[in-house]
Amino acid sequence: MTTDTVTIIDDSTGKKVQLPLLTPTSGPKTIDISALYKELGYFTYDPGFMSTASCSSKITFLDGNKGVLQYRGYPIEQLAAQSSYLEVCYLLMNDKLPSKTELAEFESIITNHTMLHEALKRFFSGFRRDAHPMAIMVGVVGALAAFYHDHMDIRNPEHRMITAQRLVAKMPTIAAWSYRYATGKPFIYPDNNLGYTENFLHMMFAMPSEDYKASPLLAKALDLILILHADHEQNASTSTVRLASSSDANPFAAVAAGIAALWGPAHGGANEAVIRMLMEINDSGKPLQTFVDRAKDKNDDFRLMGFGHRVYKNFDPRATLIRQICHQLLNDMESTGEQKKLLETAMALEKVALEDDYFVQRKLYPNVDFYSGIIFLAMGIPMNMFTVIFAMARTIGWITQWNEMVSEPGYKIGRPRQLYTGPIDLEYIPVDKR
Ligand code: SDX
């Protein structure tokens, strides 16, 4: 990073402060304000971090205006077309594409870490049957810290690597077992003869009483979706993982915090919210414009779920790719009438919204969550599992960002300040005098 400077002048005192202007490989230049409080005695104010870079990173690059997403410099379109989710995991974690031998070794390591400690099974039965699988996943992932004390020295690169491998390997088992428990079905153990996504579908849908073979079409579509969700710069859940880890908390606790943040409908919970919205539209029998008008009405908290993005102000490149997968899958499969109806409604809604000034002016386009739910439904995956799959995919992103942060010499605990607007210096009044 080369540095120029910017000068800030305090108009009330005339005091000037020169701050370094950092030039990234690509993207906006960044003012290093870390000396501002010391020099000028002022904080900066940026709730929601609209203009704030929380860290420097070499992992994922986004250009919101050009719809660019790159993992370790490789465009998402090339990775989606030619790579696999486990190869992308290797790329993100190791900052290089693996050789054939390295990839085979990595796949074998992941395959051999998919089992959970038998005692962990009892954690699932502590939940009510109708527990949301995300609630189960948050609890079980956090509990992994109780099982891996032997490899939790976060200063040890080998411990960090084995932790990353364990999490990538075990998330599909935890995800599938969350679903199996919630639906009263027996747990299906991982099968080391299957590929990553095939194994997940096997653990989700196989039954002890009959043969099951995951559809290669679905396994491939799911692998693609995992690639598209693997990492995404400093989004809310990744920032949560970084902040939680900055206190030197263990990575399982930090990832559990990331899962909790992802669950919100404004973030990873949007894929489930999109389907519920499309179903509400279909069941209402009302014209689409009614819902578009509601989304524009400031007095109505209804939003077009799956639309808009903090960074992408043109199009979300993942949405473009997922839209293609959606059409292809529904064409290749005997999808049910309801799935086709949901897709038709989604496409019609997209068309109406993209011709409406309100959305065009605010640069609100379909995001990664707008179509993914339709694909999950076509795979037979229930709505409350959509965000669980997003969490499964994003685990490699969280753990890679965690590894990057804790590997930096002298990283600091994250401790933002505030603009205090409450009362000050009040006199305490004893209760009998109030
Ligand atoms: C993900 O950050 C990431 O990278 C996240 C993610 C990842 O991979 O990690 O990409 C995954 O979370 C995708 C986003 C999924 N969320 C949704 O689809 C929920 C619906 N979208 C919104 O809630 C919203 O667009 C956000 C949360 C995604 C972005 O919110 P911002 O950037 O804070 O924008 P904003 O709320 O300030 O909205 C700006 C304007 C407002 O109107 P005005 O006040 O200017 O009049 O746009 C309006 C908003 O009311 N607006 C919408 C809208 N989204 C924004 N109006 C109707 N429907 C919407 N969906």
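Assorted remarks:
- Taking the fewest neighbouring Cβ atoms within 10 Å as the starting point, the ordered list for 158, 344, 272 is 158, 344, 272.
- Nearest-0.05 FRET efficiency for residue 212 and residue 155, computed from C-beta distance (R0 45 Å): 0.55
- Computed lengthening from residue 289 to residue 16, 0.36 nm per intervening residue step minus Cα-Cα distance: 92.9 nm
- Positive dipole terminus of the chain, leading residue within 429, 69, 307 (C-beta point charges): 429
- Cα→Cβ-extended label distance, 7 Å offset, between residue 358 and residue 26, nm: 3.5 nm
- Between the range 280-334 and the range 56-121, the alpha-carbon center distance in angstrom: 28 Å
- 188, 374, 59 arranged by Cβ crowding within 10 Å, fewest neighbours leading: 188, 59, 374
- Axis of helix 216-228 versus longest Cα principal axis of the chain: the two differ by about 0°, to the nearest ten degrees.
- 3J(HN,Hα) from dihedral phi, the range 144-155, Karplus parametrisation 6.51/-1.76/1.60, rounded to Hz, x for glycine, proline: 4, 4, 7, 10, 10, 4, 5, 9, 10, 7, 5, 7
- Cα→Cβ-extended label distance, 7 Å offset, between residue 248 and residue 300, nm: 5.3 nm
- With a cut-off of 14 Å between beta carbons, the residues surrounding residue 217 carry a summed charge of -2, where Lys and Arg count +1 and Asp and Glu -1.
- Built amide H within the under 5 Å cut-off of residue 68, gap 5+: 63
- Point-charge dipole on Cβ atoms (K/R +1, D/E -1) for the chain, about Cα centre, debye to 20: 480 debye
- The range 204-270-the range 336-379 distance, computed between alpha-carbon centres (Å): 22 Å
- Over 20 Å (Cα to Cα) - which of 58/100; 66/298; 121/185 fall in this group: 58/100; 66/298
- Whole-Hz Karplus values for the range 92-98 come out as 4, 6, 9, 6, 6, 6, x Hz, taken residue by residue from phi with 6.51 cos²θ - 1.76 cosθ + 1.60 and θ = phi - 60°; glycine and proline positions read x.
- Using the Cβ-Cβ distance between residue 96 and residue 427 with R0 set to 51 Å, the FRET efficiency from 1/(1 + (r/R0)^6) comes to roughly 0.20.
- Computed from phi, the 3J(HN,Hα) profile of the range 419-434 under the Karplus parametrisation 6.51, -1.76, 1.60 (θ = phi - 60°) reads 9, 7, 10, x, x, 9, 6, 7, 8, 5, 10, x, 4, 7, 10, 8 Hz, with x in place of Gly and Pro.
- Least to most buried among 379, 171, 50 (fewest other Cβ within 10 Å first): 50, 379, 171
- MRE, 222 nm, helices only [DSSP H, n ≥ 4, -39500 (n - 2.57), over the chain, to nearest 500]: -15500 deg cm²/dmol
- Percentage relative contact order, the range 336-399, counting C-alpha pairs under 8 Å, at least six apart: 28 percent
- Placing +1 on the Cβ of every Lys and Arg and -1 on the Cβ of every Asp and Glu, with nothing else charged, gives the range 253-307 a dipole about its Cα centre of roughly 100 debye.
- Computed lengthening from residue 417 to residue 351, 0.36 nm per intervening residue step minus Cα-Cα distance: 19.4 nm
Readers should treat all values here as calculations from the given coordinates under stated rules, not as data from a laboratory. Given the structure is predicted, the values throughout are model-derived calculations rather than measurements. All Cβ positions, glycine included, derive from the backbone under ideal geometry; neighbour counts span all protein chains shown.
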